[in-house]
Amino acid sequence: MAKEEIKKLSATERYHLKQFVKELGGYRGRHTELVTVYVPAGYALDSIIGHLQQEQGTASNIKSKQTRTNVIDALERMIQHLKTVQRTPPNGLAAFAGNVAEKEGQSDLKVWSIEPPVPMKQRLYRCDKVFILEPLDDVLDDESIYGLVVMDRRDAMIGLLKGKSIIPVRKTHSEVPGKTRAGGQSSVRFARLREGATKDHYKKIAEHMKEEFLMKDDLKGIILGGPGTTVNDFMSKEYVTADVRKKIIATKDLSYTGEFGMQELLEKSADVLAEEDVAEEKEIMQKFFHELSKDTGLAGYGNKEVREAIKIGAVNIVLVSEHLSDEEVEEFEELAKPLGSEVRIISVETREGAQLKEMGGVAAILRYPLAS
């Protein structure tokens, strides 16, 4: 199976896209009058504009005068905006337009567009009561890749979790005899046959895990599921190599195998996946608090203090709370970029992120101690 290349979003790209989706997700139209357009990478923008002009003619047949006006005006605003863009960006374009006034009868016509951080494959035109944001949600979701394994003593399925999609990649079946033994076989011999077949089954699963997961650098972890006794038996022996074993982040007790088992494993792993999403964030924040508590001089915080440290090139990583405004985040990004400082957006969902918020929302890990 060819390895699929997936571009990783930087913390900054992820933050801005998440904020963009959040803003547009808050708008509601009174009728199907909010316009969404997705332009795939490499697709001619002139063709999209021509399509929208045709849709204006179609919209003239809408019976409701207010809805008709809102749709035609939104399409016109979209067309004029796309003409200023002139050419489809390398990753494609997502554009949105509509009357987002809070009170009926008023007009607050707005247009937005964004180049996705990864190439857009979907072409879409839609008028609806909401903006269609699922393709951008998919970009956010697809950042994480996990290995999934469901097994019992007779069957096993191995797959990948990419965003919200489960992709089966390998299925195997054991030769473990059923519980009813053939006539004339002693219980001891039959039990020995079953035990040998089970071991061969486990070895096969472990080998498949090694083949599918070991060389995937973008794999964030493996989640293993099955009947509790089976999983414990499998993990207690040396079937799984040390390199694969250290990638296993959780085991779950399941009732099913196969595709049903994959779905059950995903449902029972919501807690693990949520924790993994913030694991890197917690790690960098713990490093900051370690430097701060040890008084090494390599940690600083405060809006003014961090700005000054960035300006003299002393900052390695800027830690910015997502609680700050977009304008403040962008200011720190503009300050940091010329001097090679990395900006990390920190959520407020963890204990460490909440502490950063209470400290003013800005901190830094320094390259060298500053003179007091």
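The values are calculated or read from the model by the stated rules, or taken from the named source; none is laboratory data. Note that the structure is predicted; figures quoted are calculated from it, not measured. Note that each Cβ is placed from the backbone with ideal geometry, even for glycine, and that neighbours are counted across all protein chains shown.
Annotations for the structure displayed:
- When residues of segment 202-234 are limited to those that are under 20 Å from GLU275 (Cβ atoms) and either free of Cβ contacts under 8 Å to residues at least 40 places away in the same chain or assigned to a helix (DSSP H, G or I) (or both), the one farthest from the chain's Cα centre (by Cα): VAL231
- Filtering segment 33-66 to residues that are closer than 27 Å to LYS121 by Cβ and over 38 Å from the mean Cα position of the chain (by Cα) leaves nothing.
- Taking segment 309-332 as the range and being at pLDDT 95 or above and out of contact with any helix residue (DSSP H, G or I) (no Cβ under 9 Å at 6 or more places or on another chain) as the test, the residues that pass are ALA309, ASN316.
- Residue in segment 89-102 that is part of a loop (DSSP other than H, G, I, E, B), in contact (Cβ under 8 Å) with a residue 24 or more places away in the chain and under 30 Å from MET262 (Cα atoms) present: no
- Filtered residue count, segment 309-350, keeping only those that are surrounded by 15 or more Cβ atoms within 10 Å (Cβ to Cβ) and among the small types (Gly, Ala, Ser): 6
- Within segment 67-81, considering residues that are of a type outside the set (S, T, N, Q) and without any contact (Cβ under 8 Å) to a residue 24 or more places away in the chain, the one farthest from TYR125 (Cα to Cα): ARG68
- For segment 47-61, the criterion of being touching a Ser or Thr at 6+ places or on another chain (Cβ under 7 Å), surrounded by 13 or more Cβ atoms within 10 Å (Cβ to Cβ) and either of a type outside the set (Gly, Ala, Ser) or closer than 30 Å to ASP217 by Cα (or both) is met by none of the residues.
- Filter pass, GLU33 being in contact with a Gly (Cβ under 9 Å, 6 or more places away or on another chain), of a type in the set (Asp, Glu) and at pLDDT below 95: yes
- Output for segment 242-268, where each listed residue is modelled with pLDDT of 90 or more, out of contact with any strand residue (DSSP E or B) (no Cβ under 8 Å at 6 or more places or on another chain) and either more than 13 Å from VAL149 (Cβ to Cβ) or among the hydroxyl-bearing types (Ser, Thr, Tyr) (or both): ALA242, ASP243, LYS246, SER255, PHE260
- Looking across LEU140, LEU148, one residue alone is touching a strand residue (DSSP E or B) at 6+ places or on another chain (Cβ under 8 Å) and either within 27 Å of THR12 (Cβ to Cβ) or in contact (Cβ under 8 Å) with a residue 60 or more places away in the chain (or both). It is LEU148.
- Scope segment 243-301; condition outside the structural domain of PHE213 (by TED's automatic domain parsing), of a type in the set (Ser, Thr, Tyr) and either surrounded by 13 or more Cβ atoms within 10 Å (Cβ to Cβ) or without any contact (Cβ under 8 Å) to a residue 60 or more places away in the chain (or both); matching residues: SER293, TYR301
- Among the residues of this structure, ALA156 does not count as one that is without any contact (Cβ under 8 Å) to a residue 60 or more places away in the chain and in a strand (DSSP E or B).
- For segment 20-37, the candidate set comprises residues that are in contact with a helix residue (DSSP H, G or I) (Cβ under 6 Å, 6 or more places away or on another chain) and outside any helix (DSSP H, G or I); within that set, the residue that is surrounded by the most Cβ atoms within 10 Å (Cβ to Cβ) is VAL35.
- Candidates GLU238, GLU281, GLU291, filtered to the one that is in a helix (DSSP H, G or I) and over 28 Å from the mean Cα position of the chain (by Cα): GLU291
- Looking only at residues in segment 105-124 that are of a type outside the set (Phe, Trp, Tyr) and within 22 Å of THR12 (Cβ to Cβ), the one that is farthest from the chain's Cα centre (by Cα) is SER113.
- Exclusive hit being farther than 12 Å from LEU366 by Cα and of a type outside the set (D, E, K, R), set SER341, SER321: SER321
- Of the criteria (1) part of a helix (DSSP H, G or I); (2) closer than 19 Å to ARG126 by Cα, which one THR84 fails: (2)
- Evaluating GLU102 against the criteria (1) within 33 Å of the chain's Cα centre (by Cα); (2) surrounded by 13 or more Cβ atoms within 10 Å (Cβ to Cβ) leaves one unmet condition, (2).
- Residue check for ASP200: exposed (fewer than 14 other Cβ atoms within 10 Å of the Cβ), modelled with pLDDT under 95 and in contact with an Asp or Glu (Cβ under 8 Å, 6 or more places away or on another chain): yes
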